[in-house]
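Take a look at the structure below.
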Amino acid sequence: MKKSIFGIGIAICLLSFIGNYLFFQSEQLKEPIFLNHYYDFENYNDNDINLTFYYLTNKQDTFRIKNALINGIEVYPVSYGGFSMWSNNTQQYEQEFRHHYLKSVTFSIPYNSISSSENLEEIWSIENMIVSFYDHPDINAEIGKVNIYTKQSENSILKTQAVGSSNQHRDFVILTALQSVNIGNISVPFEEKLKDEVEIKIDLNQEKLKQLEGIKSGGDTPAWFDNERKKDDWNELDGVSTKEQMFPLNINKGDWLQLQMAFNPNHKSYFQFGIRIEGDTENGEPFVERVLINDSPHLSQKNINEIIEAKQGEVSK
């Protein structure tokens, strides 16, 4: 009888071990998963371009990224101690989850590689790349979408006076007009993907905004400016949503304008792009200005499960 009970106990332990092992295996990634990135910016001064990408690996995976092939250009990770083709210090641990690590890698793309590319167009776009690893097969990684504008804007229409951000997934930028313009639209790039991820308000209250001029001569920050930064409710912030029928906007030379941006706090992608301000000068010349903003997601285990399910297939909740 005792032997029988002992045998049943052993069987239960084995079944439990097998069950836990199978569950563990079901949680493992088939290959590293790159998250979605939406980057859209100009390349100033013909500098080399550093692009940071975020990806998930299993905790026990030890292989490292060797290089990547982006639009036919072979690029190497940037070491956190400087550029290197061989350094071990090229992948950064960002966050730990139940079975996975979130890591980041930065690739340096030489500008001369882009400028010498055949059929170079104004926009250099990336949607996937071939990533090579040490001790792991290559993968074709879908990374969202990256647009790099290789032709810079010729003339500045708006001058940035102040910028800032908060841990509430909100950014602001305050601008002045260097010449009189008609603004026909203010929008985000990748609208089909980001239309529900970003909201923009514009404030043209000149009496209020021009109080900021006093800061240049050593004056104090206006009380309204500090109060605006403290507000939690997006609906309480000054300005009108760009979703309203408000365009075109006539902006005189020397006028001030404030843009406030709110990001969906539950978004799962990485943002680095320019809010597009489009219109015509008083001479009828079209222009596009980009106000660069950044926002990174605050990822939970639930978010990670959703990302893996979307990219690889079903995972346990």
**Some residue of the range 53-64 being part of a loop (DSSP other than H, G, I, E, B), modelled with pLDDT under 85, open to solvent by 40 Å² or more (accessible area, probe 1.4 Å) and not hydroxyl-bearing (Ser, Thr, Tyr)** = no
**Request:** From (1) surrounded by fewer than 16 Cβ atoms within 10 Å (Cβ to Cβ); (2) over 29 Å from the mean Cα position of the chain (by Cα), pick out the condition that doesn't hold for residue 234.
**Result:** (2)
**Message:** Considering only residues that are in contact with a strand residue (DSSP E or B) (Cβ under 7 Å, 6 or more places away or on another chain), assigned to a strand (DSSP E or B), open to solvent by 20 Å² or more (accessible area, probe 1.4 Å) and among the hydroxyl-bearing types (Ser, Thr, Tyr), which ones fall in the range 144-182?
**Reply:** 160, 165
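Within the range 77-100, can one find any residue that is assigned to a strand (DSSP E or B), within 13 Å of residue 146 (Cβ to Cβ) and modelled with pLDDT of 90 or more? Before you say what the answer is, go through the steps one by one.
Step one: of the range 77-100, the residues assigned to a strand (DSSP E or B) are 77-80, 82-83, 91-96, 100.
From what's left, within 13 Å of residue 146 (Cβ to Cβ): none.
Within the range 77-100, none of the residues are assigned to a strand (DSSP E or B), within 13 Å of residue 146 (Cβ to Cβ) and modelled with pLDDT of 90 or more.
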**Item:** Verdict on residue 295 being closer than 22 Å to residue 171 by Cβ, within 28 Å of the chain's Cα centre (by Cα), surrounded by 19 or more Cβ atoms within 10 Å (Cβ to Cβ) and charged (D, E, K, R)
**Value:** yes
**Message:** I'd like the full set of residues that are part of a strand (DSSP E or B) and in contact with a Ser or Thr (Cβ under 9 Å, 6 or more places away or on another chain), limited to the range 262-286.
**Reply:** 270, 271, 272, 275, 276, 277, 278, 281
**Asked** From 274, 279, which residue is at pLDDT 90 or above, in contact with a strand residue (DSSP E or B) (Cβ under 9 Å, 6 or more places away or on another chain), surrounded by 14 or more Cβ atoms within 10 Å (Cβ to Cβ) and of a type outside the set (A, V, I, L, M, F, W, C)?
**Response** 279
**Message:** residue 185 - would you say it is open to solvent by 10 Å² or more (accessible area, probe 1.4 Å), at pLDDT 90 or above and of a type outside the set (D, E, K, R)?
**Reply:** yes
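The values are calculated or read from the model by the stated rules, or taken from the named source; none is laboratory data. As the structure is a computational prediction, the values presented were derived from the model and not from experiment. When we count neighbours, we look across all protein chains shown, and the Cβ atoms used for this are built from the backbone with ideal geometry, even at glycine. Remember, those area values only see protein heavy atoms, side chains included, never the ligands or the DNA or RNA. Shrake-Rupley method; radii C 1.70, N 1.55, O 1.52, S 1.80 Å.
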